[in-house]
Each structure stands twice: as structure tokens, then as C-alpha cells.
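A short reminder: the numbers here are calculations on the coordinates, not readings from a lab. These numbers were taken from a predicted model, which means no experiment stands behind them. In this analysis, Cβ positions are derived from the backbone assuming ideal geometry, glycine residues included, and neighbour counts consider all displayed protein chains.
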Amino acid sequence: MTIGNGQISTIVMGLVTSPEEIGYMRIADRVSQLVVFSLLIVNLVSAPHLAERAKTKKWRELERLAVMAARGALVVALPVALGLIILGEPLIQLLFGVDYAEPVWPPLAIVCLGRLINVYYGSISDVLNLSGHEMESIRGMALGLATNTVITALLAPSYGAVGAAIGFSCCIWVWNLYLSIRLRKKLAIRVSAI
């Protein structure tokens, strides 16, 4: 999802803003991927256990395991996100040069917050898919991508990479919120960290 989300941002930005702003957003997107690394690891480790519980329809056990996994991922992702937000400008300057520090830091901070939201919600799409509700995941993804497209198209012409970062992060929030609501309705469980 987040790969498609970043690509939508790039495509829409290509239509409404400058190549420099696209570059700033691409850097912010790439660097912010460090925030979700913990979720990727947790998903790899927990997926077989979640699948086993989904197969036997042990939804409360699945919920307990998924919540613990989301909490573990969030505990790791939170300091990474805060580090990138607080130290983002000097880090960008070190990695990409002084000319990039100021224009990349604001979208980096916004995208880090969006990615942190994704980690907070945990393995939600995996749980929906494993429980036979793949269409809910697809609907959530479509809703999120539409959100990104509209917000980026509205904000990027005036705010450049910052507008695209807002669209990107809103996409993640809308997508996960939709999946959370649907999971609650379909299985009466939640899998977010809190």
C-alpha cells in the first residue's frame, strides 16, 4: 500500500508542481521508511501465528497476539520517528547536502507521523485478509489512494512536497481507520497497539 501511496503522490505532483518538490517528497518518503521497518519485521514473525489462529477461528487469541505485535512494533518505531522528526534537518543535510535540509525536513516530519499511524494500527490488513475479508482491504486501499490523490492534487500546487506529505499521511490514516472499523464490524476485534 505505501509503495502505491508514494507513487500516487509522485504522479499527482508531476502534474501540479515542480520537479524539485517531487525530489523533496521522494527523499522524505525514502528516509521515513525507517519508521515502518519494525512493523515489517513484526509482520514477518507474527504472520504464521496469526494465520494459524485465523484458520482455527480463534479470534481472541489472534487479537491478543496482534495487539502485542503492534505494541512491539510501535515501541521500536516511536523513537525512530521522533529521531527523524527532531534530528531530520541535520540528518538530511548530512546525507543529501545543505540545499536539501530545509525543504525536505517538513515533509519528512509529516510522512513520519503518517508512517507512525500505520505502525500503530499494526497488522490490520493481514488480519482482514487471513480472515477471508480481502475485499475490505481492497476497499480500504482504494479509499486511501483516492484520499491521497485528492488531497495531493488540492495542496501540492500551493504547498509542494508539504501538501503531498499531508495527502500521503491522510491516506494512511483513512485507510487504517477504515480497516479498523471494518475489522471491528466483521470480527469484533481490534489489532491496534492501544
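Separation between the VAL75 and GLU102 pseudo-spin-labels, each 7 Å from Cα along Cα→Cβ, expressed in nm?
4.1
Once R0 is set to 35 Å, what does the formula 1/(1 + (r/R0)^6) return for the Cβ-Cβ distance between LYS57 and PHE37, expressed as a FRET efficiency to the nearest 0.05?
0.65
Using the 2.2 N^0.38 Å rule of thumb for compact globular proteins, work out how region 133-185 stacks up: its C-alpha Rg over that value, please.
1.23
Starting from 0.36 nm per residue, how many nanometres of slack lie between ARG64 and GLN7 once their C-alpha separation is accounted for?
That works out to 17.1 nm of additional length.
What full-extension length gain, to one decimal in nm, is calculated for ALA47 and LEU87 as 0.36 nm per residue of separation minus the Cα-Cα distance?
11.1 nm
Using all alpha carbons of region 1-83, what is the percent of pairwise distances in each 10 Å bin, ordered from the shortest bin to the longest?
16, 32, 26, 18, 7, 0
Quick one: if the Förster radius is 41 Å, what FRET efficiency do LEU95 and ILE194 give, using the C-beta to C-beta distance and rounding to 0.05?
With a Förster radius of 41 Å, E is 0.80.
Just from its helices, what would the mean residue ellipticity at 222 nm be for the chain, if runs of 4 or more DSSP H residues each count -39500 (n - 2.57) and the sum is divided by every residue, rounded to the nearest 500 deg cm²/dmol?
About -32000 deg cm²/dmol.
Using volume of the Cα convex hull per residue in Å³ as the read-out, say which of (1) 203; (2) 103; (3) 94 was calculated from these coordinates.
The value computed from this structure is option (3).
Taking N as the number of residues in region 60-107, what value does Rg over Cα atoms divided by 2.2 N^0.38 Å take?
For region 60-107, the normalised Cα radius of gyration is 1.70.
Tell me, what is the percent relative contact order of region 49-194, built from C-alpha pairs under 8 Å that lie six or more residues apart?
Computed value for region 49-194: 32 percent relative contact order.
Please get the size of the charge dipole for the chain, origin at its Cα centre, with Cβ charges of +1 on Lys and Arg and -1 on Asp and Glu, quoted in debye to the nearest 20.
For this selection, approximately 1180 debye.
What are the DSSP H helices in the chain that stretch 30 Å or more along their long axis, judged by alpha-carbon atoms, and whose average Kyte-Doolittle hydropathy comes to at least 1.0?
Length and hydropathy pass: 59-96.
Taking the alpha-carbon distance from LYS185 and a cut-off under 17 Å, which lysines remain once sequence neighbours fewer than 8 residues away in the same chain are dropped?
Here the lysines satisfying the reach criterion relative to LYS185 are LYS57, LYS58.
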